[in-house]
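**Student:** Following this message is one structure expressed as structure tokens.
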Amino acid sequence: MTATAPRIRQLPLVRLLFVTAVLVCGLFGTLSGTASAHAALTGSDPKDGAVVDVAPKDVTLTFSEQIAMGDNSIRVLDPSSKRVDVAKMRDLSGGGTVRYAVDLKPGLPDGTYTVAWQAVSADSHPVSGAFTFSVGAPSETTATVPDQEAGGGLVGTLYDTVRYLSYAGFVLLVGGAAFILACWQRGASVRPLQRLVVGGWVTLTAATLVLLLLRTPYTGSGKLGDAFDLGGLADVLDTKTGAALVSRLLLLGAAALFIAVLFGAYAKRVTETESEAEAKSEADRTGAESGTDDAEVSGGADSEAQKAKADLTFGLGLGGTVVAAGIAGTWALSEHASTGIQTGLAMPLDVLHLLAVAAWLGGLVSLLTALHRTPDIERAAVRRFSRIAFTSVVVLAVTGLYQAWRQVGSWSALTDTSYGQLLLAKVALIAVLLCAAWFSRRWTGLLGERATAGTEAEEETEAEAGGEAGDGDGAGEASDPERAAQLARQRTALATARKKRDRDADTERSGLRRSVLIEACVALVVLAVTTALTGTEPGRTEEKEAGRPGTEAAAPAPARPVSLTEPFDTGGANGKGTVRLTLDPARSGNNLMHVWIDDPAGKPMDVPEVKVAYTLKSEQIGPLPIVPERLAPGHWSASSVQIPMPGEWHLQVTVRTSDIDQTTVEKNVKIG
């Protein structure tokens with residue numbers, strides 16, 4: 001035993017789990033920052049940055065998958081930040097295309113308009129964005145859109161934290177109940193395990209209620225106060241996620257009944273069965289000594305008790321499995337498994353995956369609790385859990401590989417996307433968890449080898465203690481019942497203290513507790529990464545969006561401002577000269593443009609008019625007309641030249657030297 005082992009045993013289990021949970025929440029907060037949604041805007045009409053001659057009648061948005069939108073999900077703002085849409089959305093989806101439109105008020109003046117949109121993706125995560133288009137020509141705009149993305153800020157952090165707690169509650173509830181029924185039935189009457197399972201139920205129920213309340217600000221305004229908006233709550237109940245959360249609450253009601261039976265009638269039945277088994281054992285010894293048939297009578301009664309207990313165990317196991325699968329299904333029906341490819345296969349496998357996680361990790365925490373808080377858990381229970389954990393790992397491997405293929409899609413997405421990187425982190429953590437489980441399995445084997453010898457030693461010690469007490473105080477006990485009761489309590493306390501001392505001195509049992517504690521701590525981190533994965537855009541979708549036409553820059557940005565020098569000849573008197581133009585910084589957004597007109601001698605040449613136009617032919621944007629202001633003879637400038645997007649732009653400079661003489665100089669320039 002190492003020098004630090006006693007300190008590990010002395011630290012309370014609750015404090016250890018609390019410290020680990022704090023570390024996990026810190027990791028979870030970091031991971032949740034990478035979360036993004038599944039759906040994406042794939043197109044719009046007008047396009048982002050487009051300049052149209054006539055104001056459109058409506059604005060149309062096209063998405064990569066089905067989303068949920070309300071009448072205020074699309075807002076169109078004029079240059080003064082006033083709404084110009086009629087706030088009545090139209091669903092134009094059909095033929096595999098997801099498209100929504102909102103009508104605009106008639107007679108819109110020229111200028112730049114901002115379109116801000118917000119929706120909820122099919123996998124329950126909020127999405128939002130904004131873009132601009134111009135009527136006539138770009139202009140200055142004071143329209144503002146929220147800097148915070150949907151699902152971010154304080155509400156987003158709270159929502160992600162509660163989602164993690166809901167998964168943790170599910171694991172403790174389902175895994176703890178499964179550990180009792182399948183591994184250690186006597187645990188139904190053990191207080192620490194009862195508190196663990198009930199705590200899981202309370203955590204999951206409370207988290208589900210909070211998620212239901214936070215859903216409105218999480219997918220909408222982002223204001224925490226809107227959590228108690230009854231109108232918003234009614235809207236949430238009409239969504240797929242709201243229906244899943246309400247279904248989860250109803251199933252948790254059935255789970256409460258299951259817990260009541262498990263820790264009530266079932267715990268009583270197990271205790272009675274064990275008492276009858278002890279009585280049968282005593283009757284067997286008595287019958288063997290006296291030659292009577294008392295053993296046969298007690299054997300018949302014991303058989304009936306065992307049958308009743310087996311029937312109740314089967315009923316609880318079947319009912320509990322149905323309820324647990326239903327609760328797991330509320331996640332499968334509302335998150336990643338319900339979207340994308342092969343949803344008919346993905347959803348049941350996701351339910352199986354969640355149940356395997358609960359059986360393994362929840363059972364692990366239950367075993368840790370039993371090892372630390374109860375002195376007499378049987379080695380057979382540990383061995384049974386070891387077999388269940390192995391089966392769970394196999395199920396997790398099969399279902400996890402399928403889900404990874406379905407959500408990642410390619411080897412490059414495994415390393416180049418947030419989802420793939422989180423998945424690799426989860427695989428690495430599970431590898432660490434399996435290493436710790438291997439050590440636990442070794443300690444379990446050593447514990448089994450010493451179990452028989454330890455039991456015999458305990459029986460001899462108890463017999464000696466009983467004999468000593470009987471030799472010294474037998475006469476006193478017979479004459480003084482109060483003294484007898486006091487001595488009985490002392491013997492019980494002495495036996496309990498001796499059993500605890502022997503347990504702490506057991507190297508194999510101490511080693512098992514340490515390895516299981518490490519498993520439980522790593523399992524908490526695995527659960528955090530798993531929760532982050534459910535809120536992160538799948539690699540297959542992220543990679544597809546990165547490769548979608550129009551999502552990459554059309555041309556690299558130049559290292560310096562665009563500079564153009566071209567000769568011109570209008571054909572009239574004094575019609576020859578040179579035009580010089582600079583555009584700074586030559587990127588999308590606001591730019592400063594200068595134009596100089598020089599005569600053949602290189603001196604400033606004053607002309608009646610200079611006009612400039614920009615056209616992005618690849619995106620059918622433009623021409624965007626610019627009329628610069630005359631600053632001095634031969635020098636014109638425009639301080640707010642709006643370039644909506646990067647690309648190879650066709651530049652036209654028109655110079656008029658008289659009422660009838662003019663020419664246009666054309667040149668292609670790359671603007672970043």
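The values are calculated or read from the model by the stated rules, or taken from the named source; none is laboratory data. Note that the structure is predicted; figures quoted are calculated from it, not measured. Neighbour counts run over all protein chains shown; Cβ positions are idealised from the backbone, glycine included. Heads up: the accessible areas ignore ligands, DNA and RNA and are worked out on the full protein's heavy atoms, side chains in. Shrake-Rupley method; radii C 1.70, N 1.55, O 1.52, S 1.80 Å.
**Student:** Please calculate how many Å² of accessible area the stretch 151-238 carries per residue, with a 1.4 Å probe and no DNA, RNA or ligand atoms counted. Please list the in-between numbers first.
**Tutor:** Numbers: 3340 Å² over 88 residues.
Averaged over the residues of the stretch 151-238, the accessible area is 38 Å².
**Student:** Still on this model: Going down the list LYS57/LYS223; LYS105/LYS240; LYS88/LYS240, which pairs span over 31 Å between their C-alpha atoms?
**Tutor:** Numbers: LYS57/LYS223 33 Å; LYS105/LYS240 33 Å; LYS88/LYS240 22 Å.
Violating the 31 Å limit, Cα to Cα: LYS57/LYS223; LYS105/LYS240.
**Student:** THR391 to GLU274: FRET efficiency via 1/(1 + (r/R0)^6), r the Cβ-Cβ distance, R0 35 Å, to the nearest 0.05?
**Tutor:** Values: r = 27 Å, r/R0 = 0.77.
Efficiency computed from Cβ-Cβ geometry: 0.80.
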